[in-house]
Amino acid sequence: MSTPDRAITEPRRAHLERQTRETRISVDVAIDGTGQSDIRTGIGFVDHLWDAFARHGVFDVTVRADGDLPIDSHHTAEDVAIVLGRAFDRALGDRRGIVRIAHAYAPLDEALALAVVDISGRGHAEVEASLADSRLGTLDSDMVQHMLESFAVEARITLHASVVTGRNAHHRAEALFKAFARALDGATRVDPRLGDAIPSTKGALG
């Protein structure tokens with residue numbers, strides 16, 4: 001039986017837990033971090049991607065996940081992204097004084113990815129990963145795109161991300177997460193010129 005999300009929020013930090021019949025997830029995030037991560041999902045490549053996200057976004061991220069991995073990777077990978085996205089949404093608060101919009105390119109050897117982030121308060125994602133390999137370790141490769149989409153929707157951000165070039169599926173996926181992390185880092189930074197203002201003509205984000 002599903003239980004409601006339970007959250008505890010401090011300035012630019014959040015803790016979130018979620019339990020369903022398929023997964024039990026616990027997440028801690030700090031937007032103004034040092035790039036530290038402790039991620040244990042039971043799926044090695046998911047751990048690897050979110051570790052890259054934490055390090056290149058300079059976020060502190062802790063994840064504990066217990067999911068129905070004997071079935072497949074889908075529920076655990078998806079639910080981790082959902083809970084991480086919700087935690088980031090809570091950590092951002094009312095989003096006063098942030099840069100809001102940023103973009104970043106990230107290379108990994110022959111691969112190159114681009115991500116554009118708008119912390120708009122409206123969850124939407126357009127992601128193009130085009131991973132030829134059906135699996136990356138024990139992760140179904142289509143989950144790379146789905147994780148980014150799920151995060152964006154739950155974090156209430158607009159994300160456009162794509163792999164520009166590259167042959168190796170591992171490199172393409174990791175470059176995509178690194179680009180996303182750097183763009184999100186840029187968009188979440190506080191702009192001292194804005195003071196306490198919300199960067200929107202509406203006066204609110206969301």
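Keeping to region 30-54, report how many residues are closer than 17 Å to residue 137 by Cβ and of a type outside the set (A, V, I, L, M, F, W, C). Steps first, answer last, please.
Quick first cut of region 30-54, residues closer than 17 Å to residue 137 by Cβ only: 39-53.
Still in the running and of a type outside the set (A, V, I, L, M, F, W, C): 40-42, 44, 47-48, 51.
Number of matching residues: 7.
Taking the condition of a type outside the set (Asp, Glu), under 12 Å from the mean Cα position of the chain (by Cα) and more than 28 Å from residue 19 (Cα to Cα), does residue 103 pass? Don't jump to the end; show me each part of the working.
Numbers: of a type outside the set (Asp, Glu): yes; under 12 Å from the mean Cα position of the chain (by Cα): no; more than 28 Å from residue 19 (Cα to Cα): yes.
Taking the combined requirement at face value, the residue does not satisfy it.
List the pairs whose first member sits in region 186-206 and is at pLDDT 65 or above, whose second member is surrounded by 12 or more Cβ atoms within 10 Å (Cβ to Cβ) and part of a helix (DSSP H, G or I), and whose Cβ atoms are under 8 Å apart, counting only residues at least 6 apart or on separate chains?
Within 8 Å, the pairs are 188/92.
Among (1) closer than 18 Å to residue 174 by Cα; (2) open to solvent by 50 Å² or more (accessible area, probe 1.4 Å); (3) out of contact with any strand residue (DSSP E or B) (no Cβ under 9 Å at 6 or more places or on another chain), which single condition is residue 105 missing?
Result: residue 105 passes all but (3).
Matching residues to (1) open to solvent by less than 20 Å² (accessible area, probe 1.4 Å); (2) out of contact with any Ser or Thr (no Cβ under 7 Å at 6 or more places or on another chain); (3) of a type outside the set (D, E, K, R):
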position: 23; (1), (2), (3): yes, no, yes
position: 26; (1), (2), (3): no, yes, yes
position: 31; (1), (2), (3): yes, no, yes
position: 35; (1), (2), (3): yes, yes, yes
position: 42; (1), (2), (3): no, no, yes
position: 48; (1), (2), (3): no, yes, yes
position: 59; (1), (2), (3): yes, yes, yes
position: 63; (1), (2), (3): yes, no, yes
position: 73; (1), (2), (3): yes, no, yes
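Given the structure, is residue 120 open to solvent by 60 Å² or more (accessible area, probe 1.4 Å), over 16 Å from residue 57 (Cβ atoms) and small (Gly, Ala, Ser)? Before the answer, list the steps.
Working: open to solvent by 60 Å² or more (accessible area, probe 1.4 Å): no; over 16 Å from residue 57 (Cβ atoms): yes; small (Gly, Ala, Ser): yes.
In short, no.
What are the residues in region 132-145 that are in contact (Cβ under 8 Å) with a residue 24 or more places away in the chain and either in contact with a strand residue (DSSP E or B) (Cβ under 8 Å, 6 or more places away or on another chain) or open to solvent by 50 Å² or more (accessible area, probe 1.4 Å) (or both), if any? Talk me through it step by step, then tell me what you get.
Taking region 132-145 first, the residues in contact (Cβ under 8 Å) with a residue 24 or more places away in the chain are 132-133, 136-141, 143-144.
Residues satisfying the conditions are 132, 133, 137, 138, 141, 144.
Given the options 149, 110, 154, name the one that is among the charged types (D, E, K, R) and farther than 23 Å from residue 54 by Cβ.
Numbers: 149 fails: farther than 23 Å from residue 54 by Cβ; 154 fails: farther than 23 Å from residue 54 by Cβ.
That would be 110, the only listed residue that is among the charged types (D, E, K, R) and farther than 23 Å from residue 54 by Cβ.
Can you name the residue in region 148-179 that is charged (D, E, K, R) and buried (at least 24 other Cβ atoms within 10 Å of the Cβ) and, of all such residues, is nearest to residue 47 (Cα to Cα)?
Going through the qualifying residues, I end up with 174.
Please go through region 75-97 and pick out each residue that is buried (at least 24 other Cβ atoms within 10 Å of the Cβ) and in contact with a Pro (Cβ under 9 Å, 6 or more places away or on another chain).
The answer is 91, and nothing else.
The values are calculated or read from the model by the stated rules, or taken from the named source; none is laboratory data. Here the structure is a predicted model, which is why all the values come from computation and not from measurement. Positions of Cβ are backbone-derived with ideal geometry, glycine not excepted, and every protein chain shown enters the neighbour counts. All accessible areas refer to the heavy atoms of the entire protein, side chains included, with ligands and DNA or RNA removed. Shrake-Rupley method; radii C 1.70, N 1.55, O 1.52, S 1.80 Å.
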